[in-house]
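Q: My structure is below; once you've seen it, I'll send some questions.
The values are calculated or read from the model by the stated rules, or taken from the named source; none is laboratory data. All of these numbers come straight from a predicted model, not from anything done at the bench. With ideal geometry, Cβ positions are generated from the backbone for all residues, glycine too; neighbour counts draw on all protein chains shown.
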Amino acid sequence: MGLFSQKKHFVLSGRTILITGASQGMGRGLAKICAQKGANVIIVARNIDKLKAAVEYISAAAANPQTQRFHYISADVTSAEENTRLLSEATTWNGGNPPDIVWANAGSAYPHLFIETSIETLRSQMDIDYWAAAYLAHATLQVWTKPTSNQANGTTSKASKGTEPLPRHFVMTSSVVVFAGLAGYGPYGPAKAAMRNLSDTLRSELALYNGARLHATDPLRIPKIRNHIVFPGGIQSPGLDAENKIKHPVTTKLEEDDKPQTEDEVATAAIAGLERGEYLITTAFLGSLMKAGMLGGSPRNGLGVVDTIMTGLSALIWSFVGPDMERKVWKWGKENGIGNT
(Lines give C-alpha, C1' and ligand atoms only; values in the text may rest on other atoms or scores of the structure.)
Protein backbone atom coordinates (compact mmCIF):
# COMPACT_ATOMS: atom_id res chain seq x y z
CA MET A 1 0.00 0.00 0.00
CA GLY A 2 1.40 3.35 -1.00
CA LEU A 3 4.27 1.94 -3.07
CA PHE A 4 3.05 3.09 -6.47
CA SER A 5 0.33 5.74 -6.00
CA GLN A 6 1.45 7.92 -3.14
CA LYS A 7 -0.86 10.93 -3.28
CA LYS A 8 -4.06 8.98 -3.91
CA HIS A 9 -4.15 7.79 -0.31
CA PHE A 10 -4.62 11.27 1.15
CA VAL A 11 -6.37 13.76 -1.09
CA LEU A 12 -6.51 17.37 0.11
CA SER A 13 -7.58 19.39 -2.93
CA GLY A 14 -11.16 20.60 -2.56
CA ARG A 15 -11.63 18.92 0.82
CA THR A 16 -12.08 20.44 4.28
CA ILE A 17 -9.62 19.73 7.08
CA LEU A 18 -9.85 20.72 10.74
CA ILE A 19 -6.61 20.93 12.74
CA THR A 20 -6.37 21.59 16.48
CA GLY A 21 -3.34 23.26 18.05
CA ALA A 22 -2.78 25.08 14.77
CA SER A 23 -2.02 28.67 15.72
CA GLN A 24 1.73 27.96 15.82
CA GLY A 25 4.35 25.22 15.49
CA MET A 26 3.62 21.95 13.74
CA GLY A 27 -0.12 22.67 13.48
CA ARG A 28 0.47 25.92 11.63
CA GLY A 29 2.93 24.13 9.33
CA LEU A 30 0.35 21.42 8.61
CA ALA A 31 -2.33 24.00 7.84
CA LYS A 32 -0.04 25.87 5.43
CA ILE A 33 0.83 22.73 3.46
CA CYS A 34 -2.85 21.74 3.32
CA ALA A 35 -3.60 25.21 1.90
CA GLN A 36 -0.85 24.76 -0.68
CA LYS A 37 -2.49 21.48 -1.70
CA GLY A 38 -5.89 23.09 -2.23
CA ALA A 39 -7.74 22.29 1.00
CA ASN A 40 -10.26 24.40 2.89
CA VAL A 41 -8.74 24.76 6.35
CA ILE A 42 -10.22 25.22 9.82
CA ILE A 43 -7.72 25.85 12.61
CA VAL A 44 -8.44 25.55 16.32
CA ALA A 45 -6.60 26.97 19.35
CA ARG A 46 -7.41 29.13 22.36
CA ASN A 47 -5.73 32.47 21.63
CA ILE A 48 -7.83 34.48 19.17
CA ASP A 49 -5.07 36.93 18.26
CA LYS A 50 -2.72 34.05 17.37
CA LEU A 51 -5.52 32.35 15.42
CA LYS A 52 -6.18 35.49 13.37
CA ALA A 53 -2.50 35.86 12.54
CA ALA A 54 -2.23 32.18 11.67
CA VAL A 55 -5.23 32.31 9.31
CA GLU A 56 -3.65 35.25 7.49
CA TYR A 57 -0.37 33.33 7.20
CA ILE A 58 -2.03 30.10 6.07
CA SER A 59 -4.45 31.64 3.56
CA ALA A 60 -1.54 33.44 1.87
CA ALA A 61 -0.29 29.99 0.82
CA ALA A 62 -3.57 28.93 -0.84
CA ALA A 63 -3.27 27.17 -4.17
CA ASN A 64 -6.61 28.61 -5.32
CA PRO A 65 -7.31 31.81 -3.35
CA GLN A 66 -10.59 32.44 -5.19
CA THR A 67 -12.17 29.17 -4.15
CA GLN A 68 -10.43 28.00 -0.97
CA ARG A 69 -11.89 28.99 2.39
CA PHE A 70 -10.29 29.46 5.80
CA HIS A 71 -11.77 29.68 9.28
CA TYR A 72 -10.65 29.66 12.89
CA ILE A 73 -12.38 28.48 16.06
CA SER A 74 -11.30 29.43 19.57
CA ALA A 75 -11.80 26.47 21.91
CA ASP A 76 -10.34 24.72 24.94
CA VAL A 77 -9.88 21.21 23.57
CA THR A 78 -9.34 19.72 27.04
CA SER A 79 -13.14 19.97 27.44
CA ALA A 80 -15.34 17.27 25.94
CA GLU A 81 -18.15 19.78 25.42
CA GLU A 82 -15.82 22.16 23.59
CA ASN A 83 -14.79 19.42 21.16
CA THR A 84 -18.44 18.72 20.39
CA ARG A 85 -19.05 22.44 19.91
CA LEU A 86 -16.10 23.05 17.62
CA LEU A 87 -17.05 20.10 15.43
CA SER A 88 -20.62 21.41 15.21
CA GLU A 89 -19.39 24.90 14.30
CA ALA A 90 -17.04 23.46 11.68
CA THR A 91 -19.90 21.45 10.18
CA THR A 92 -22.14 24.52 9.96
CA TRP A 93 -19.34 26.56 8.35
CA ASN A 94 -18.76 23.70 5.89
CA GLY A 95 -22.29 23.85 4.50
CA GLY A 96 -23.75 21.28 6.86
CA ASN A 97 -21.10 18.66 6.10
CA PRO A 98 -18.58 17.53 8.72
CA PRO A 99 -14.91 18.06 7.86
CA ASP A 100 -13.46 15.38 5.59
CA ILE A 101 -10.26 15.23 7.64
CA VAL A 102 -9.82 15.92 11.35
CA TRP A 103 -6.35 16.19 12.90
CA ALA A 104 -5.98 16.11 16.70
CA ASN A 105 -2.69 17.97 16.90
CA ALA A 106 -3.06 20.01 20.11
CA GLY A 107 -0.58 19.19 22.83
CA SER A 108 2.18 20.51 25.03
CA ALA A 109 5.09 19.02 26.94
CA TYR A 110 6.12 19.69 30.53
CA PRO A 111 9.51 17.95 30.61
CA HIS A 112 10.28 17.43 34.27
CA LEU A 113 11.31 14.68 36.63
CA PHE A 114 8.22 12.66 37.52
CA ILE A 115 8.46 12.77 41.31
CA GLU A 116 9.21 16.51 41.23
CA THR A 117 6.06 17.25 39.21
CA SER A 118 2.85 18.15 41.01
CA ILE A 119 -0.18 15.89 40.72
CA GLU A 120 -2.09 18.81 39.19
CA THR A 121 0.48 19.08 36.40
CA LEU A 122 0.46 15.34 35.79
CA ARG A 123 -3.31 15.53 35.35
CA SER A 124 -3.14 18.60 33.09
CA GLN A 125 -0.59 16.84 30.86
CA MET A 126 -2.99 13.93 30.46
CA ASP A 127 -5.79 16.39 29.69
CA ILE A 128 -4.01 18.15 26.82
CA ASP A 129 -1.90 15.26 25.52
CA TYR A 130 -4.43 12.43 25.70
CA TRP A 131 -7.95 13.53 26.55
CA ALA A 132 -8.02 16.38 24.03
CA ALA A 133 -7.42 13.87 21.24
CA ALA A 134 -9.75 11.27 22.75
CA TYR A 135 -12.60 13.78 23.08
CA LEU A 136 -12.15 14.93 19.47
CA ALA A 137 -12.00 11.34 18.22
CA HIS A 138 -15.17 10.48 20.12
CA ALA A 139 -17.10 13.47 18.78
CA THR A 140 -15.82 13.08 15.22
CA LEU A 141 -16.37 9.36 14.86
CA GLN A 142 -19.86 9.58 16.30
CA VAL A 143 -20.69 11.98 13.47
CA TRP A 144 -18.82 10.07 10.77
CA THR A 145 -20.38 6.68 11.59
CA LYS A 146 -23.95 7.92 11.33
CA PRO A 147 -25.60 6.89 8.04
CA THR A 148 -25.60 9.62 5.42
CA SER A 149 -28.79 11.37 4.42
CA ASN A 150 -28.74 9.34 1.22
CA GLN A 151 -29.78 6.26 3.17
CA ALA A 152 -33.17 7.78 3.91
CA ASN A 153 -33.65 8.26 0.18
CA GLY A 154 -32.86 4.63 -0.54
CA THR A 155 -29.78 5.50 -2.57
CA THR A 156 -26.14 4.60 -2.15
CA SER A 157 -23.43 6.77 -0.67
CA LYS A 158 -21.46 6.55 -3.89
CA ALA A 159 -21.07 9.34 -6.40
CA SER A 160 -23.45 9.57 -9.33
CA LYS A 161 -21.01 7.82 -11.65
CA GLY A 162 -20.69 4.87 -9.29
CA THR A 163 -17.27 5.80 -7.93
CA GLU A 164 -16.34 5.16 -4.33
CA PRO A 165 -16.33 8.36 -2.23
CA LEU A 166 -12.98 9.47 -0.88
CA PRO A 167 -12.27 8.17 2.62
CA ARG A 168 -12.38 10.34 5.69
CA HIS A 169 -9.22 10.55 7.79
CA PHE A 170 -8.77 11.02 11.53
CA VAL A 171 -5.16 11.80 12.46
CA MET A 172 -3.50 12.20 15.86
CA THR A 173 -0.10 13.72 16.69
CA SER A 174 1.82 11.74 19.30
CA SER A 175 5.59 11.85 19.93
CA VAL A 176 8.70 9.68 19.55
CA VAL A 177 8.98 9.68 23.35
CA VAL A 178 6.40 6.86 23.38
CA PHE A 179 9.07 4.57 21.89
CA ALA A 180 11.66 5.19 24.61
CA GLY A 181 11.02 6.26 28.19
CA LEU A 182 13.49 9.05 28.96
CA ALA A 183 14.35 10.72 32.25
CA GLY A 184 12.44 13.98 32.40
CA TYR A 185 9.43 13.00 30.28
CA GLY A 186 7.37 11.27 32.98
CA PRO A 187 4.59 13.89 32.87
CA TYR A 188 4.36 13.84 29.05
CA GLY A 189 5.33 10.45 27.65
CA PRO A 190 2.60 8.30 29.28
CA ALA A 191 -0.14 10.54 27.87
CA LYS A 192 1.24 10.25 24.35
CA ALA A 193 1.65 6.49 24.82
CA ALA A 194 -2.03 6.25 25.78
CA MET A 195 -2.83 8.07 22.54
CA ARG A 196 -0.97 5.42 20.55
CA ASN A 197 -2.94 2.64 22.20
CA LEU A 198 -6.17 4.51 21.50
CA SER A 199 -5.19 4.82 17.84
CA ASP A 200 -4.52 1.08 17.55
CA THR A 201 -7.86 0.37 19.23
CA LEU A 202 -9.70 2.75 16.90
CA ARG A 203 -8.10 1.13 13.86
CA SER A 204 -9.44 -2.23 15.01
CA GLU A 205 -12.92 -0.89 15.80
CA LEU A 206 -13.19 1.12 12.59
CA ALA A 207 -12.79 -2.13 10.65
CA LEU A 208 -16.27 -3.00 11.96
CA TYR A 209 -17.85 0.10 10.42
CA ASN A 210 -15.82 -0.14 7.23
CA GLY A 211 -16.89 -3.76 6.85
CA ALA A 212 -20.52 -2.93 7.55
CA ARG A 213 -20.46 -0.66 4.50
CA LEU A 214 -20.40 -3.85 2.41
CA HIS A 215 -23.11 -5.76 4.30
CA ALA A 216 -25.21 -7.55 1.67
CA THR A 217 -28.69 -6.69 2.97
CA ASP A 218 -28.14 -3.63 5.15
CA PRO A 219 -25.02 -1.68 4.09
CA LEU A 220 -23.87 1.13 6.35
CA ARG A 221 -23.96 4.12 4.03
CA ILE A 222 -20.90 6.07 5.12
CA PRO A 223 -17.57 6.83 3.42
CA LYS A 224 -14.67 4.64 4.47
CA ILE A 225 -12.87 5.92 7.59
CA ARG A 226 -9.13 5.66 8.07
CA ASN A 227 -7.11 6.69 11.12
CA HIS A 228 -3.41 7.48 11.45
CA ILE A 229 -0.96 8.59 14.11
CA VAL A 230 2.17 10.73 13.71
CA PHE A 231 5.30 10.62 15.89
CA PRO A 232 7.47 13.74 15.54
CA GLY A 233 10.60 14.45 17.53
CA GLY A 234 11.69 17.91 18.59
CA ILE A 235 10.12 20.81 16.65
CA GLN A 236 11.54 24.32 16.51
CA SER A 237 8.69 26.36 17.96
CA PRO A 238 7.71 28.65 20.84
CA GLY A 239 6.59 25.49 22.63
CA LEU A 240 10.08 23.98 22.46
CA ASP A 241 11.59 27.24 23.70
CA ALA A 242 9.28 27.11 26.72
CA GLU A 243 10.13 23.45 27.36
CA ASN A 244 13.86 24.11 27.33
CA LYS A 245 13.46 26.66 30.13
CA ILE A 246 12.16 24.00 32.53
CA LYS A 247 13.82 20.86 31.17
CA HIS A 248 16.14 19.01 33.53
CA PRO A 249 19.79 19.11 32.36
CA VAL A 250 19.95 15.32 32.20
CA THR A 251 17.08 15.33 29.69
CA THR A 252 18.97 17.85 27.58
CA LYS A 253 21.98 15.53 27.75
CA LEU A 254 19.94 12.57 26.47
CA GLU A 255 18.60 14.64 23.57
CA GLU A 256 21.87 16.25 22.50
CA ASP A 257 22.07 14.21 19.27
CA ASP A 258 18.46 14.84 18.24
CA LYS A 259 18.28 17.94 16.03
CA PRO A 260 14.81 19.55 16.12
CA GLN A 261 12.98 19.93 12.81
CA THR A 262 11.32 23.12 11.62
CA GLU A 263 7.52 23.26 11.57
CA ASP A 264 7.59 23.00 7.77
CA GLU A 265 9.94 20.00 7.80
CA VAL A 266 7.86 18.02 10.27
CA ALA A 267 4.58 18.95 8.57
CA THR A 268 5.91 18.00 5.12
CA ALA A 269 7.12 14.62 6.38
CA ALA A 270 3.83 13.91 8.17
CA ILE A 271 1.66 14.66 5.14
CA ALA A 272 4.02 12.72 2.86
CA GLY A 273 3.49 9.69 5.10
CA LEU A 274 -0.28 10.10 4.81
CA GLU A 275 -0.01 10.36 1.04
CA ARG A 276 1.90 7.07 1.03
CA GLY A 277 -0.99 5.51 2.91
CA GLU A 278 0.95 4.93 6.14
CA TYR A 279 -0.64 4.36 9.52
CA LEU A 280 2.25 4.88 11.98
CA ILE A 281 4.11 7.90 10.63
CA THR A 282 7.48 9.19 11.77
CA THR A 283 9.06 12.40 10.50
CA ALA A 284 12.79 11.62 10.73
CA PHE A 285 15.07 8.56 10.46
CA LEU A 286 15.78 8.40 14.19
CA GLY A 287 12.05 8.30 14.90
CA SER A 288 11.62 5.51 12.32
CA LEU A 289 14.34 3.49 14.00
CA MET A 290 12.79 4.01 17.43
CA LYS A 291 9.36 3.04 16.09
CA ALA A 292 10.65 -0.18 14.56
CA GLY A 293 11.71 -1.48 17.95
CA MET A 294 8.30 -0.82 19.50
CA LEU A 295 5.75 -1.92 16.87
CA GLY A 296 4.21 -4.69 18.93
CA GLY A 297 0.75 -5.43 17.56
CA SER A 298 0.45 -2.19 15.58
CA PRO A 299 -0.07 -2.61 11.82
CA ARG A 300 3.08 -2.24 9.69
CA ASN A 301 3.17 0.39 6.98
CA GLY A 302 2.87 -0.77 3.40
CA LEU A 303 4.00 -4.36 2.88
CA GLY A 304 5.92 -4.28 6.14
CA VAL A 305 9.29 -5.07 4.52
CA VAL A 306 11.07 -1.90 5.64
CA ASP A 307 9.51 -2.05 9.10
CA THR A 308 10.61 -5.68 9.49
CA ILE A 309 14.19 -4.90 8.47
CA MET A 310 14.25 -1.87 10.73
CA THR A 311 12.93 -3.95 13.64
CA GLY A 312 15.97 -6.20 13.53
CA LEU A 313 18.31 -3.25 13.17
CA SER A 314 16.59 -1.41 16.00
CA ALA A 315 16.84 -4.39 18.34
CA LEU A 316 20.57 -4.58 17.71
CA ILE A 317 21.14 -0.85 18.16
CA TRP A 318 18.99 -0.57 21.29
CA SER A 319 20.98 -3.36 22.95
CA PHE A 320 23.80 -0.80 23.06
CA VAL A 321 21.94 2.52 23.13
CA GLY A 322 19.58 1.63 25.98
CA PRO A 323 22.31 0.77 28.52
CA ASP A 324 24.39 3.72 27.31
CA MET A 325 21.55 6.16 27.99
CA GLU A 326 21.06 4.71 31.47
CA ARG A 327 24.79 5.11 32.11
CA LYS A 328 24.59 8.76 31.03
CA VAL A 329 21.84 9.43 33.55
CA TRP A 330 23.69 7.52 36.30
CA LYS A 331 26.92 9.39 35.57
CA TRP A 332 25.16 12.76 35.59
CA GLY A 333 23.63 11.96 38.96
CA LYS A 334 26.97 10.84 40.35
CA GLU A 335 28.71 14.02 39.21
CA ASN A 336 25.94 16.57 39.87
CA GLY A 337 23.59 15.08 42.45
CA ILE A 338 19.88 15.38 41.83
CA GLY A 339 20.28 18.86 40.36
CA ASN A 340 17.43 21.09 39.37
CA THR A 341 16.12 23.05 36.41
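Q: Right, Ile58: more than 16 Å from the chain's Cα centre (by Cα), of a type in the set (A, V, I, L, M, F, W, C) and farther than 23 Å from Val266 by Cβ or not?
A: Numbers: more than 16 Å from the chain's Cα centre (by Cα): yes; of a type in the set (A, V, I, L, M, F, W, C): yes; farther than 23 Å from Val266 by Cβ: no.
Here the answer is no, as Ile58 does not meet what is asked.
Q: Something else about it: If you scan the stretch 216-246, which residues turn out to be within 17 Å of Val171 (Cβ to Cβ) and assigned to a loop (DSSP other than H, G, I, E, B)? Give the derivation first.
A: Step one: list which residues in the stretch 216-246 are within 17 Å of Val171 (Cβ to Cβ), which gives 223-232, 235.
Residues satisfying the conditions are Pro223, Lys224, Pro232.
Q: Got at least one residue in the stretch 227-246 being surrounded by fewer than 15 Cβ atoms within 10 Å (Cβ to Cβ), touching a residue at least 12 places away in the same chain (Cβ under 8 Å) and touching a strand residue (DSSP E or B) at 6+ places or on another chain (Cβ under 9 Å)?
A: yes
Q: If I filter the stretch 9-30 for residues that are assigned to a helix (DSSP H, G or I) and surrounded by fewer than 16 Cβ atoms within 10 Å (Cβ to Cβ), do I get at least one hit?
A: Keep residues of the stretch 9-30 that are assigned to a helix (DSSP H, G or I), which gives 9, 25-30.
Now restrict to residues that are surrounded by fewer than 16 Cβ atoms within 10 Å (Cβ to Cβ): none.
Within the stretch 9-30 (the criterion being assigned to a helix (DSSP H, G or I) and surrounded by fewer than 16 Cβ atoms within 10 Å (Cβ to Cβ)), the answer is no, since none of the residues qualifies.
Q: Moving on. Scan the helices (runs of 4 or more DSSP H) fully inside the stretch 45-147 and keep the ones with 2 or more residues being closer than 26 Å to Arg221 by Cβ and in contact (Cβ under 8 Å) with a residue 12 or more places away in the chain. Break it down into steps so the answer makes sense when it comes.
A: Numbers: elements: 48-59, 80-93, 119-126, 132-144.
The helices (runs of 4 or more DSSP H) meeting that bar are 80-93, 132-144.
Q: Quick test for you: out of Gly277, Gly339, Gly297, pick the one residue that is touching a His at 6+ places or on another chain (Cβ under 9 Å), surrounded by fewer than 13 Cβ atoms within 10 Å (Cβ to Cβ) and either at pLDDT 70 or above or within 22 Å of Lys192 (Cα to Cα) (or both). Talk me through it step by step, then tell me what you get.
A: On the way: Gly277 fails: surrounded by fewer than 13 Cβ atoms within 10 Å (Cβ to Cβ); Gly297 fails: touching a His at 6+ places or on another chain (Cβ under 9 Å).
Step by step, each of Gly277, Gly339, Gly297 is checked, and only Gly339 is touching a His at 6+ places or on another chain (Cβ under 9 Å), surrounded by fewer than 13 Cβ atoms within 10 Å (Cβ to Cβ) and either at pLDDT 70 or above or within 22 Å of Lys192 (Cα to Cα) (or both).
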